[in-house]
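Q: Just passing along the structure, written as structure tokens.
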Amino acid sequence: QVRVEESGGGSVQAGDSLRLSCITSGTVYTMAWFRQAPGNEREFVGAFVGADPRYSDSVKGRFTISKALGQNTIYLQMNNLQPEDTAIYYCAVQFTRKWLSSIYGALGYDAWGQGTQATVSS
């Protein structure tokens, strides 16, 4: 069974930064970040599809996804955090290559981590 594990959440002030990490035990093609705020649906943040990063418009320019070379580990560097970024951040993986459009919806993923909380206060 593939294991997906996030770490790095915390509580910060508006304008601060956080770096999240996700490690998976299996061989995967896509690793992604989603977030879910209370009362909201799970929202796509960004993904590493093969060797290419993809971002949602809401975080582009503030968040950066990187991948550890040769390892099933990705990072989410979140800069200039705002209160609206407060959410549980989840890491998700696709075991094999799928249609590119599948990365934007939660149903397109094969395994999920338990999530890590990021709280931004004003």
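The values are calculated or read from the model by the stated rules, or taken from the named source; none is laboratory data. These figures come from a predicted structure and were not determined experimentally. Here the Cβ positions follow ideal geometry from the backbone for every residue, glycine too, while neighbour counts run over all protein chains shown. Remember, those area values only see protein heavy atoms, side chains included, never the ligands or the DNA or RNA. Shrake-Rupley method; radii C 1.70, N 1.55, O 1.52, S 1.80 Å.
Q: At Ala14 and Asn80, where each label point lies 7 Å from the Cα along Cα→Cβ, what is the point-to-point distance in nanometres?
A: According to this spin-label approximation, the distance is 1.4 nm.
Q: In the chain, carbon and sulfur make up what percent of the accessible area (probe 1.4 Å)?
A: After summing per-atom areas, the C and S share lands at 49 percent.
Q: At a Förster radius of 30 Å, what calculated FRET efficiency corresponds to the Cβ-Cβ distance of Ala37 and Lys60, to the nearest 0.05?
A: So, using R0 = 30 Å, E works out to roughly 0.95.
Q: Need one number: nm distance between label points at Ala51 and Lys67, each 7 Å from Cα along Cα→Cβ, rounded to one decimal.
A: About 0.9 nm separates the two model spin labels.
Q: Taking only C-alpha pairs under 8 Å that are 6+ residues apart, what is the relative contact order of the range 2-48 in percent?
A: 30
Q: So, for the chain, what is the accessible surface per residue at a probe of 1.4 Å, expressed in square angstrom?
A: I get 53 Å² per residue for this part.
Q: Quick one: order Trp33, Trp112, Trp99 from most to least accessible surface, probe 1.4 Å.
A: Trp99, Trp112, Trp33
Q: Could you state the per residue volume, in Å³, of the convex hull enclosing the Cα atoms of the chain?
A: Considering the Cα atoms of the chain, their hull volume per residue is 95 Å³.
Q: If Leu18, Leu107 are ordered by their accessible area, calculated over protein heavy atoms with a 1.4 Å probe, which sequence runs from highest to lowest?
A: Leu107, Leu18
Q: To the nearest 0.05, how large is the calculated FRET efficiency for Trp112 and Tyr29 if R₀ is 22 Å and r is the Cβ-Cβ distance?
A: With R0 = 22 Å, the Cβ-Cβ based efficiency is 0.90.
Q: A follow-up question, please. So what's the gap between the Cα centers of the range 84-101 and the range 1-59, to the nearest angstrom?
A: 6
Q: While we're on this one: With an 8 Å cut-off on Cα pairs and a minimum separation of 6 or more residues, tell me the relative contact order of the chain in percent.
A: 36
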